[in-house]
Every structure is written in C-alpha cells, then in structure tokens.
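Structure first, commentary second.
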Amino acid sequence: MKILVPVKRVLDANVAVRVKTDGSGVELANLKMSMNPFDEIAVEEAVRLREAGTASEIVAVSIGPAQAQDTLRTALAMGCDTAILIKTDEAIEPLTVARLLQKICEQQAPDLVIMGKQAIDDDSNQVAQMLSALLGWPQATFASKFTLSDGTASVIREVDGGLETLDLDLPAVVSTDLRLNTPRYASLPNVMKARKKPLEEIDATSFGIDLSPTLRIVSTARPPERKPGSQLGSVAELIDILKTEGRVQ
Ligand code: AMP
C-alpha cells in the first residue's frame, strides 16, 4: 500500500503573528517556518501504518518555494520514503493546491492520501475536500481514529453530536484532526539519513494548470485588543456593575 502525504510549510505555531504595516498580509521574513501541525499528524499516522506493516511506501509532497525542501526533509526524517517538491514562489490557493495534488495522485497512484484538516496559516480547510471531489475518491475529514483492513479504511470523526464512524473504499482521502496521534520528533540519526533520501523537484508551471490567484486580499488586521479585566471585592459589587451596564435587570 502506498500513502501520499501533502505537507505545507507554514509560520511556526509558536511564533507570534505580526501583521505587515501596510496590511497586505502577515510578516514571514526571517521568521521560523515549520511543517503545518496537522500535516505532522498525517505523517505520523502514515509512518505508524508502515511500522504496522499495513503500508509499504510513503511519499511526502509539498507545494511552495525552494525552502519547502526543509519541510520535506523533516517529513523524510520522520519516516517518509521519498519526497516531491512542486516548486513555486507564488501564493497558491486551495483549489490550485488540490488540482496540483490531483496530478501527483494520477502520477503516483497512491492507495490513500492522508493530509491535515487545515493549514494553520490560511485556515481554509478546503484542500482535502476538493482533492477528493477532483479525484472522485471517498473522503473522511477530521479523523480522530483510523484503522485499515482489507482495502477499507475505517475512520472515526468527531462531529457535533458525538462520534461518527465511516468505512471508505480505497483509494480515499483522509484528513487528520488533533486527537489522532502525537507526532514523533525526528531523531538526529534520522535527520542525517533523511538527507540521502530521494527528493524530486518539479516546477509547478509544468502541469499546465492556471496558478494565478482568483482571490485578492483586501486587508489584514489584528483582532481588537482585549480590555484588561478587573478584580472585584464581592458578588454584590459584580451585580451592581452588571446592573449599571444594563447586562442584568
Ligand atoms: P487548507 O485546505 O489550505 O487549510 O489545507 C489543508 C491541507 O492541505 C493541509 O493540512 C495540507 O495537508 C494540504 N496543503 C495545503 N496547502 C499545501 C501546500 N502548499 N503544499 C502541500 N500541502 C498543502
């Protein structure tokens, strides 16, 4: 069984986000970039399936600038076998990402795509759904538990009313939720070994897909500052304030 894991290079989750002074986006220059946390979970799940003998090959794919090679090397150090960088310096929208991944799926013929439920930079939560529609493959999003047997993937997903279990025929697309697993850290020997694993680079323009954006960012702004709280001496004082502010009768 072959698994494809798309991984996105995003601003590290621990870096404080700063909006550019002209409001055109957020600052990325000279800041730490890392693999999208939901994609780390996807890589971990794929590696566990290989360790369990269910999967035989894991291919990591990233669409982005040359620096996304670092993200792919991390995926290789975590246990992926090969990596593909679809190189572009343009900001690529979710539908275009899905179209490029569709081409890679047609070339690589994976049995399963495991990917993050959303990228923490744009919070789109669109690519998995679009990819499954483009390929005509079944999808299970927000997986919190995952098992594979006899050509079927069984996925438990958290929904508003509780847990939903879906059985999918393969090939299929599955997106990962936070509770699926805890990703491993790549050990130093594995980081060294990852340097020698194959990493193919393909120019994004070579797929004949229109990469130009269809959305224009009008402005980016910080959320309003929260007013500081205050400590009150008693419940009676709180009720007085709530009454004065008209919040209770
Ligand atoms: P999104 O729909 O943009 O929130 O992203 C959902 C998932 O799609 C991510 O967790 C990644 O697995 C994948 N993805 C999005 N953008 C890229 C990219 N540039 N390269 C590789 N995978 C991506």
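The values are calculated or read from the model by the stated rules, or taken from the named source; none is laboratory data. Predicted model only: the values in this text are computed from it and were never measured. Glycine gets a Cβ as well: all are built from the backbone with ideal geometry, and neighbour counts include every protein chain shown. What goes into the accessible areas is simple: the full protein's heavy atoms, side chains included, and nothing from ligands, DNA or RNA. Shrake-Rupley method; radii C 1.70, N 1.55, O 1.52, S 1.80 Å.
Taking the stretch 87-105, which residues are more than 10 Å from the ligand (Cβ to nearest atom), open to solvent by 60 Å² or more (accessible area, probe 1.4 Å) and closer than 11 Å to Leu134 by Cα? Please lay out each step first, then the result.
Restricting attention to the stretch 87-105, the residues satisfying the condition of being more than 10 Å from the ligand (Cβ to nearest atom) are 87, 89-90, 99, 102-103, 105.
Within this subset, residues satisfying the condition of being open to solvent by 60 Å² or more (accessible area, probe 1.4 Å) are 87, 89-90, 99, 103.
Listed by number, the residues that qualify are Arg99, Lys103.
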Cβ-Cβ under 7 Å pairs, at least 6 apart or on other chains, the stretch 64-77 side more than 9 Å from Ala186 (Cβ to Cβ), far side away from the ligand (no atom under 13 Å from the Cβ) and in a strand (DSSP E or B) | Gln69/Leu199; Leu72/Leu199
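Out of the residues in the stretch 1-16 that are over 30 Å from Leu135 (Cα atoms) and either more than 16 Å from the ligand (Cβ to nearest atom) or in contact with a helix residue (DSSP H, G or I) (Cβ under 9 Å, 6 or more places away or on another chain) (or both), which is least open to solvent (accessible area, probe 1.4 Å)?
Initial filter on the stretch 1-16 (over 30 Å from Leu135 (Cα atoms)): 12-16.
Restricting the remaining residues to those that are either more than 16 Å from the ligand (Cβ to nearest atom) or in contact with a helix residue (DSSP H, G or I) (Cβ under 9 Å, 6 or more places away or on another chain) (or both) gives 13-16.
Details: Ala13: 70, Asn14: 143, Val15: 35, Ala16: 77 Å².
Going through the qualifying residues, I end up with Val15.
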Every residue from the stretch 70-110 that is in a helix (DSSP H, G or I) and in contact with an Asp or Glu (Cβ under 9 Å, 6 or more places away or on another chain) = Thr71, Thr74, Ala75, Met78, Pro94, Thr96, Arg99
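Within the stretch 48-65, track down each residue that is over 17 Å from Lys197 (Cα atoms) and either more than 17 Å from the chain's Cα centre (by Cα) or part of a strand (DSSP E or B) (or both).
Within the stretch 48-65, the first condition is being over 17 Å from Lys197 (Cα atoms), and the residues that meet it are 48-49, 51-55, 63-65.
Those that are over 17 Å from Lys197 (Cα atoms) and either more than 17 Å from the chain's Cα centre (by Cα) or part of a strand (DSSP E or B) (or both): Arg48, Leu49, Glu51, Ala52, Gly53, Thr54, Ala55, Ile63, Gly64.
Among the candidates Leu31, Leu49, single out the residue that is on the phi < 0 side of the Ramachandran plot, surrounded by 14 or more Cβ atoms within 10 Å (Cβ to Cβ) and away from the ligand (no atom under 14 Å from the Cβ).
Numbers: Leu31 fails: surrounded by 14 or more Cβ atoms within 10 Å (Cβ to Cβ).
After ruling out the rest, the residue left standing is Leu49.
Among the residues of the stretch 110-118, is there at least one that is out of contact with any Pro (no Cβ under 8 Å at 6 or more places or on another chain) and closer than 20 Å to Pro213 by Cβ?
Filtering the stretch 110-118 for residues out of contact with any Pro (no Cβ under 8 Å at 6 or more places or on another chain) gives 114, 117-118.
After this cut, where a residue has to be closer than 20 Å to Pro213 by Cβ as well, the list is 118.
Checked against the condition, which is being out of contact with any Pro (no Cβ under 8 Å at 6 or more places or on another chain) and closer than 20 Å to Pro213 by Cβ, the stretch 110-118 yields at least one hit.
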Tell me which of these Cys80 doesn't satisfy, since it passes every other one: (1) under 24 Å from Lys193 (Cβ atoms); (2) out of contact with any helix residue (DSSP H, G or I) (no Cβ under 8 Å at 6 or more places or on another chain); (3) within 15 Å of the ligand (Cβ to nearest atom); (4) touching a residue at least 60 places away in the same chain (Cβ under 8 Å).
-> (2)
Tell me, please, whether a residue that is closer than 26 Å to Lys196 by Cα and assigned to a helix (DSSP H, G or I) can be found in the stretch 23-36.
-> no
May I ask you to list the residues in the stretch 182-237 that are of a type in the set (Val, Ile, Thr), in a helix (DSSP H, G or I) and open to solvent by 80 Å² or more (accessible area, probe 1.4 Å)?
-> Thr205, Val235
Candidate set: the stretch 110-159, residues that are within 16 Å of the ligand (Cβ to nearest atom) and hydroxyl-bearing (Ser, Thr, Tyr); chosen: the one nearest to Lys2 (Cα to Cα) | Ser132
Among the residues of the stretch 56-101, which ones are of a type in the set (Val, Ile, Thr) and farther than 17 Å from Asp39 by Cβ?
-> Thr88, Thr96
Verdict on Val173 being under 19 Å from Ser34 (Cα atoms) and touching a residue at least 24 places away in the same chain (Cβ under 8 Å) = no
All conditions in (1) open to solvent by 60 Å² or more (accessible area, probe 1.4 Å); (2) away from the ligand (no atom under 16 Å from the Cβ); (3) touching a strand residue (DSSP E or B) at 6+ places or on another chain (Cβ under 7 Å); (4) not charged (D, E, K, R) are true of Leu166 except (1)
